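K.L.:
Dumping the structure here so I can ask a few things about it.
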């Protein structure tokens, strides 16, 4: 094929893979380790539904209930760099399309003096962490506007 032997193809493939790995690990980290506790001046029972709604509304994430007042927020995505070896190393390169990055953050709501605390623990994308921090800062207002389910008319 085009006068290129098998050895040249293997060397070219190794160069492409090495270049991709260098580019992949040379970039500033898009993933961040999270171990934060956010204090909220609202009781846990009034906060559980707004917190679950907030977590489920985060873009590009998946929410899984783990138990009472415990959720796992998952981020799973394909990497754009996988397209390069898929095209350049066609048949063998298609295996690169199977590569996915996966990270999860555990969110636990518990009672604390003066209200509640939300403990976030795990790894996630920087953008998801920033969105979570902003949303948790606005959470007391969301919980205060929640209609009380115990009132009867």
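Each reported figure results from applying straightforward, stated rules to the coordinates on display, with no laboratory input. Not measured: the values here are computed from a predicted model. Neighbour counts run over all protein chains shown; Cβ positions are idealised from the backbone, glycine included.
K.L.:
Given the Cα-Cα distance of residue 19 and residue 33 and 0.36 nm per residue of separation, how much length would full extension add, in nm?
P.N.:
On the way: separation 14, 0.36 × 14 = 5.04 nm, distance 2.62 nm.
Computed gain between residue 19 and residue 33 is 2.4 nm.
K.L.:
Continuing with the same structure: Counting other beta carbons within 10 Å of each Cβ, put 90, 99 in order, fewest first.
P.N.:
Values: 90 9, 99 12.
The order, fewest Cβ neighbours first, is 90, 99.
K.L.:
At a 10 Å Cβ-Cβ cut-off, how would you order 60, 74, fewest neighbours first?
P.N.:
Working: 60 11, 74 14.
Exposure proxy ranking, most exposed first: 60, 74.
K.L.:
Sticking with this one: Order these by the 10 Å Cβ neighbour count, fewest first: 116, 111.
P.N.:
Fewest-to-most ranking of 116, 111: 111, 116.
K.L.:
With a point put 7 Å past each Cα toward its Cβ, work out how far residue 91 is from residue 121 in nm, to one decimal.
P.N.:
4.9
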